[in-house]
Amino acid sequence: MNKPLLNSVAAMDAAHQIHPHTNLRKHLETGPNELLVRGEGIQVFDETGKGYIEGAAALWCSSLGFGNARLAEVAKQAITDLGYYHNFRGSGTPQAAQLCSKLADIAPDGMDKILLQSSGTEANDTALKLVWYYWDAMGAPQRRKIISRHEGYHGTGTLTSCLTGKVKFHEGYGLPFSEFHYVTQPYYYRKAEEGESEQEFSTRLANEIEELILREGPETVAAFWAEPVMGSGGAITPPAGYFEKVQAVLDKYGVLFVADEVICGFARTGEMWGSQTYGIKPDLICCAKALSAAVIPISAVIVGERVFEGMMAQSDKRGSFTHGYTYSGHPVACAVAHEVLTIYEEMDLVAHVKSLESAFLGGFKALEDHPLVGNIDGVGLIGALEVVADKKTRAIHDPALAVMPMLDRLTRKHGLITRLIGNRIALAPPQIITEAEVGEMFTRLKA
Ligand code: PLP
């Protein structure tokens, strides 16, 4: 090992844990970057006691921050009462029923059926099966093709990796891509043509989708997949008019719209759902992360009337709906998620995020003139700034200069964890953040 490991826990980690999205050889040699041992409010603390504002809510997920005793009590009670039971063949638990009812109450109109899962990847993978199941029920099993966006992220399962439009996540796995098609990322700053307005850019992108549908044959296209705000693609908000124009194309050809709200759900964009922020009318919503404030794994597919009709027709034809996991509807996870939704009600989450939006976006705005900042972008409590070497040409730094890892080290030194995506620094703090804490987060970023 190149560097002496910090302590025996770090040594155990280096020797035995395979970390996602990590260079495995380097990890074997140097061990973990840090070990987080405790959290309080919007801060996490490492093993040396140093505190960091978690400016990205860990993986865009810790909506209620860290170290929540109220949620721990709820989990303890649910484990003490029952611990586990499944929901197969019509079995149930009060926890799962109550969670589904509460989630249905806050779901967009016309969407009140809930299929519980355990992760964002599972929710997207299940939604994909439901899309194909629906079209089979409609007597159109040839509707198989899926349209998603370059740089969109929908998970790293086998088929969800195909939904994901990030080439890096495709390489080396020999994935079954034949039914997956990708369209331009709605990234105005980099993808718009010279002189093109946001509306014109949106029209061009909607036309691209229509041309793809016509080229492939509308009778073969099943669904369009999108995050309302692209998270892992760079915290990219859509250009003006984008979803309105895309929705019109999909409606014209009867193509389903699957909204991946794994990041955007639960007021991240200033409304309960990103779909509401952008006027999307989804047929299916995938949600996870903030559903349980990320303290326990759980996710859900919220199913609209149109797809649910198809699912019922299939279950009539085949005797039952043949999909489910051991942990779908886990009562402990359901109890915690129900409590999280109760807390959202108590704190009036949507109003809280709305009340912070101008301070949050103002924090980015104040950095816009900085010579390193090429572009700022954001909505609600999700946003990013783009680091450039030259504001005018928008050129980025030579990757060999390792500017972004250096900025990451510096922000951490100043007690702030951000999310780096290429040359973008994204922020999506826990939704419990206060206005004073928003100010402190940007003070640290500016430093
Ligand atoms: N969809 C989106 C939009 C995501 O951001 C993520 C994870 O970050 C996923 C799906 C996958 O979720 P999970 O990591 O829980 O499988």
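The values are calculated or read from the model by the stated rules, or taken from the named source; none is laboratory data. Remember, predicted model here, so these are calculated numbers, not experimental data. Because the Cβ atoms are built from the backbone with ideal geometry, glycine has one as well, and the counts that use them run over all protein chains shown.
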All but one of (1) in a loop (DSSP other than H, G, I, E, B); (2) in contact with a Lys or Arg (Cβ under 6 Å, 6 or more places away or on another chain) hold for G324, so report the exception by its number. (2)
Got at least one residue in region 213-224 being more than 16 Å from the ligand (Cβ to nearest atom) and of a type in the set (F, W, Y)? no
If you check I79 against the conditions, is it in the same structural domain as H338 (by TED's automatic domain parsing), part of a helix (DSSP H, G or I) and either away from the ligand (no atom under 16 Å from the Cβ) or modelled with pLDDT under 95 (or both)? yes
Show the residue pairs meeting these rules: Cβ distance below 8 Å; 6+ apart or different chains; first residue within region 43-70 and closer than 21 Å to V350 by Cα and within 16 Å of the ligand (Cβ to nearest atom); second residue assigned to a helix (DSSP H, G or I) and among the small types (G, A, S). C61/A290; S63/A57; S63/A290
For region 132-171, which positions are among the basic types (K, R), assigned to a loop (DSSP other than H, G, I, E, B) and farther than 23 Å from Q247 by Cβ? K166
State all residues of region 391-416 that are β-branched (V, I, T) and touching a helix residue (DSSP H, G or I) at 6+ places or on another chain (Cβ under 7 Å); if no residue qualifies, say none. T411
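So that you can scan it fast, the table gives a plain yes or no per residue for (1) surrounded by fewer than 23 Cβ atoms within 10 Å (Cβ to Cβ); (2) touching a Phe, Trp or Tyr at 6+ places or on another chain (Cβ under 9 Å); (3) outside any helix (DSSP H, G or I):
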{"residue": "Y173", "(1), (2), (3)": "yes, no, yes"}
{"residue": "S178", "(1), (2), (3)": "yes, no, yes"}
{"residue": "G195", "(1), (2), (3)": "yes, no, yes"}
{"residue": "R204", "(1), (2), (3)": "yes, no, no"}
{"residue": "A223", "(1), (2), (3)": "no, yes, yes"}
{"residue": "F243", "(1), (2), (3)": "no, yes, no"}
{"residue": "V246", "(1), (2), (3)": "no, yes, no"}
Please enumerate the residues belonging to region 147-161 that are under 17 Å from A222 (Cβ atoms) and within 13 Å of the ligand (Cβ to nearest atom). S148, R149, G152, H154, L159, T160
How many residues does region 47-76 contain that are part of a loop (DSSP other than H, G, I, E, B), of a type in the set (D, E, K, R) and modelled with pLDDT of 95 or more? 1
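What do you reckon, is T164 closer than 24 Å to A57 by Cα and either in contact with a Phe, Trp or Tyr (Cβ under 8 Å, 6 or more places away or on another chain) or away from the ligand (no atom under 16 Å from the Cβ) (or both)?
Considered against the rule, which asks whether it is closer than 24 Å to A57 by Cα and either in contact with a Phe, Trp or Tyr (Cβ under 8 Å, 6 or more places away or on another chain) or away from the ligand (no atom under 16 Å from the Cβ) (or both), T164 comes out as yes.
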Residue check, A104 touching a Pro at 6+ places or on another chain (Cβ under 8 Å), away from the ligand (no atom under 16 Å from the Cβ) and in a helix (DSSP H, G or I): no
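Residue-wise test of (1) more than 15 Å from the ligand (Cβ to nearest atom); (2) of a type in the set (A, V, I, L, M).
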{"residue": "F243", "(1), (2)": "yes, no"}
{"residue": "D251", "(1), (2)": "yes, no"}
{"residue": "L256", "(1), (2)": "yes, yes"}
{"residue": "G265", "(1), (2)": "no, no"}
{"residue": "T269", "(1), (2)": "no, no"}
{"residue": "P282", "(1), (2)": "no, no"}
{"residue": "I285", "(1), (2)": "no, yes"}
{"residue": "I298", "(1), (2)": "no, yes"}
{"residue": "V307", "(1), (2)": "yes, yes"}
Given (1) buried (at least 20 other Cβ atoms within 10 Å of the Cβ); (2) within 20 Å of the chain's Cα centre (by Cα), index of the condition L59 fails: (1)
